[in-house]
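Asker: Please read through the structure below; I'll follow up with questions.
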Amino acid sequence: LAPAAKPQVAAVAAMERPALPKDLNLLVLTVDTLRYDLGYAGNPRPLSPKLDELAAQSTVFERAYSLASYTGKSIPPLLIGKYPSETLRDGNHFTAFLNPNNVFLAERLKEQGFHTFGGSSLWYISPRFGMTQGFDTWDTSTQSPGAGDKDNSVTSDKVTDVAIAQLSKAENVEGRFFAWYHYMDPHAQYVPHSGAPSFEGVTRDRALYDGEVWYSDQQLGRLLDFVAKSSFGDRTVVVVTSDHGEAFSDHGMSWHGRELWESLVRVPLIIKVPGLPPHRVPVKRGHVDLVPTVLDVLGLPAPAAGQLSGQSMLPDLAKTDHFEERDVYVDMPVGPYNELRRALLHGPTPGQKLIHFGGKQYRLFDLAGDPDEAHDLAKDPAVLKPMVDALDQLRAGLVEVDVPPVKRNVD
């Protein structure tokens with residue numbers, strides 16, 4: 001195990017900007033609880049044929065990481081372009097981001113003249129939690145009233161119907177636009193779907209989950225086919241990713257939201273940019289880089305220093321080899337139902353992974369030889385200290401906001 005030195009926050013290498021179509025649009029599709037191990041990533045089960053087709057036409061980030069392992073600490077910071085601990089938020093589990101000093105991607109694009117619209121079947125992604133700031137239109141018609149972790153409704157077809165309806169309106173697409181749709185079905189509770197393949201050789205829950213992924217994939221494919229055939233299809237950047245993964249008895253846990261194991265924080269990230277060649281990026285990257293990337297791809301001015309915490313991945317999109325290594329930081333502040341968790345991935349991909357449990361509690365894994373995170377190296381001070389120093393150095397460059405969690409109702 002090589003000792004860590006310091007966080008890798010390398011500047012983007014100087015490069016000639018690639019020739020891209022003018023006036024590009026942006027379509028972002030997020031799928032709740034979608035694990036990284038889809039068909040294009042080597043999964044032999046037929047759970048994602050439509051996303052596999054998109055991946056073949058796009059840049060695939062093979063080791064992409066979310067910002068946390070549950071929606072409230074992952075999706076809003078992703079769209080703000082800051083680490084979760086830097087955002088202005090309340091202390092609820094379903095965290096609200098209503099402070100106007102949180103500037104969301106939709107606000108930035110609307111300021112540049114984009115028409116902004118979208119929808120979500122997850123009740124949490126709604127105006128009262130702040131995530132729809134900057135949207136001209138936000139559709140909530142597919143949301144199940146009061147549904148939470150026990151939601152067993154099927155909504156991916158309805159989200160695609162909403163998306164196609166919105167994208168069919170001339171007033172929405174006659175100029176530049178940004179559309180975002182969030183799909184919910186892979187989240188528990190898992191329900192069966194007629195016509196789904198038989199997913200054998202896995203547990204019952206995993207087979208049901210794979211069926212949910214397959215169904216969502218079919219509906220995503222329907223939307224992607226519509227966009228490809230539209231008048232704006234060859235001028236639209238498409239981003240597909242997830243808020244977090246899902247554990248199936250990984251480290252003795254199921255579902256998500258408490259820990260930062262690889263199965264929980266590695267996510268798919270597919271970016272299709274018209275005019276750029278399809279390829280794969282094998283080095284690790286984090287969700288904090290998505291906002292600066294799309295602003296760069298769309299040819300928009302970079303925000304002032306300090307407004308965003310990531311850096312553009314346009315060089316990764318524009319070239320097909322010689323990718324720079326970067327550190328990745330996963331940042332899950334304490335909440336009513338989760339303890340503080342931080343993770344630093346450092347060094348040549350896949351890297352060393354330090355997980356901080358608060359105080360002086362750490363676990364350390366060498367992912368190259370221990371992808372299942374089974375062999376803790378933190379007991380060796382000579383190995384642990386450089387990684388802790390690297391984490392401390394990274395955090396010293398952030399403007400963290402301490403938000404005490406709201407007390408849980410135990411009545």
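Asker: Run down GLU212, GLU200 and say which single residue is part of a loop (DSSP other than H, G, I, E, B), on the phi < 0 side of the Ramachandran plot, not assigned by TED's automatic domain parsing to the domain that holds LEU344 and not small (Gly, Ala, Ser).
Answerer: Going through GLU212, GLU200 in turn, the sole match is GLU200.
Asker: Now for a different question. Kindly check whether there is at least one residue in region 99-110 that is part of a loop (DSSP other than H, G, I, E, B), more than 25 Å from TYR190 (Cβ to Cβ), in the same structural domain as GLU246 (by TED's automatic domain parsing) and in contact (Cβ under 8 Å) with a residue 60 or more places away in the chain. Please lay out each step first, then the result.
Answerer: Taking region 99-110 and keeping what is part of a loop (DSSP other than H, G, I, E, B), we get 99-104.
Restricting the remaining residues to those that are more than 25 Å from TYR190 (Cβ to Cβ) gives 99-104.
When the remaining residues are screened for being in the same structural domain as GLU246 (by TED's automatic domain parsing), the result is 99-104.
Within this subset, residues satisfying the condition of being in contact (Cβ under 8 Å) with a residue 60 or more places away in the chain are 103.
Yes, region 99-110 has at least one match.
Asker: Which one is farthest from ALA163 (Cα to Cα), of the residues in region 93-144 that are touching a Leu at 6+ places or on another chain (Cβ under 8 Å) and hydrophobic (A, V, I, L, M, F, W, C)?
Answerer: Filtering region 93-144 for residues that are touching a Leu at 6+ places or on another chain (Cβ under 8 Å) and hydrophobic (A, V, I, L, M, F, W, C), the one farthest from ALA163 (Cα to Cα) comes out as PHE97.
Asker: Among the listed residues VAL291, VAL330, identify the single one that is over 15 Å from LEU105 (Cβ atoms) and β-branched (Val, Ile, Thr).
Answerer: VAL330
Asker: Follow-up question, since we're still on this one. What number of residues within region 169-194 satisfy the criterion of being within 24 Å of the chain's Cα centre (by Cα) and free of Cβ contacts under 8 Å to residues at least 24 places away in the same chain?
Answerer: 1
Asker: So in region 155-183, with the set limited to residues that are of a type outside the set (D, E, K, R) and surrounded by fewer than 17 Cβ atoms within 10 Å (Cβ to Cβ), which one is nearest to ASP32 (Cα to Cα)?
Answerer: Top of the filtered list is ILE164.
Asker: Kindly evaluate PRO381 against the criterion of being more than 22 Å from TRP261 (Cβ to Cβ) and not acidic (Asp, Glu).
Answerer: Numbers: more than 22 Å from TRP261 (Cβ to Cβ): yes; not acidic (Asp, Glu): yes.
Considered against the rule, which asks whether it is more than 22 Å from TRP261 (Cβ to Cβ) and not acidic (Asp, Glu), PRO381 comes out as yes.
For every residue, the table says whether it meets (1) among the hydroxyl-bearing types (Ser, Thr, Tyr); (2) at pLDDT 95 or above; (3) out of contact with any His (no Cβ under 8 Å at 6 or more places or on another chain).
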{"site": "LEU54", "(1), (2), (3)": "no, yes, yes"}
{"site": "ALA68", "(1), (2), (3)": "no, yes, no"}
{"site": "PHE97", "(1), (2), (3)": "no, no, yes"}
{"site": "PHE104", "(1), (2), (3)": "no, yes, yes"}
{"site": "LEU122", "(1), (2), (3)": "no, no, no"}
{"site": "PRO127", "(1), (2), (3)": "no, no, yes"}
{"site": "LYS150", "(1), (2), (3)": "no, no, yes"}
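Asker: Looking at (1) surrounded by fewer than 16 Cβ atoms within 10 Å (Cβ to Cβ); (2) of a type in the set (Asp, Glu); (3) not in a loop (DSSP other than H, G, I, E, B), can you tell me which one ASP296 breaks?
Answerer: (1)
Asker: Ok, one more. Might you check whether a residue that is closer than 24 Å to LEU298 by Cα, in contact (Cβ under 8 Å) with a residue 12 or more places away in the chain, surrounded by fewer than 22 Cβ atoms within 10 Å (Cβ to Cβ) and not charged (D, E, K, R) occurs anywhere in region 62-69?
Answerer: No: region 62-69 contains no residue that is closer than 24 Å to LEU298 by Cα, in contact (Cβ under 8 Å) with a residue 12 or more places away in the chain, surrounded by fewer than 22 Cβ atoms within 10 Å (Cβ to Cβ) and not charged (D, E, K, R).
Asker: Only one of (1) free of Cβ contacts under 8 Å to residues at least 60 places away in the same chain; (2) surrounded by fewer than 23 Cβ atoms within 10 Å (Cβ to Cβ); (3) within 22 Å of the chain's Cα centre (by Cα) fails for VAL239. Which number is that?
Answerer: Checking VAL239 against (1) free of Cβ contacts under 8 Å to residues at least 60 places away in the same chain; (2) surrounded by fewer than 23 Cβ atoms within 10 Å (Cβ to Cβ); (3) within 22 Å of the chain's Cα centre (by Cα), the one that fails is (1).
The values are calculated or read from the model by the stated rules, or taken from the named source; none is laboratory data. Given the structure is predicted, the values throughout are model-derived calculations rather than measurements. Ideal geometry is used to build each Cβ from the backbone, glycine not excepted, and the neighbour counts take in all protein chains shown.
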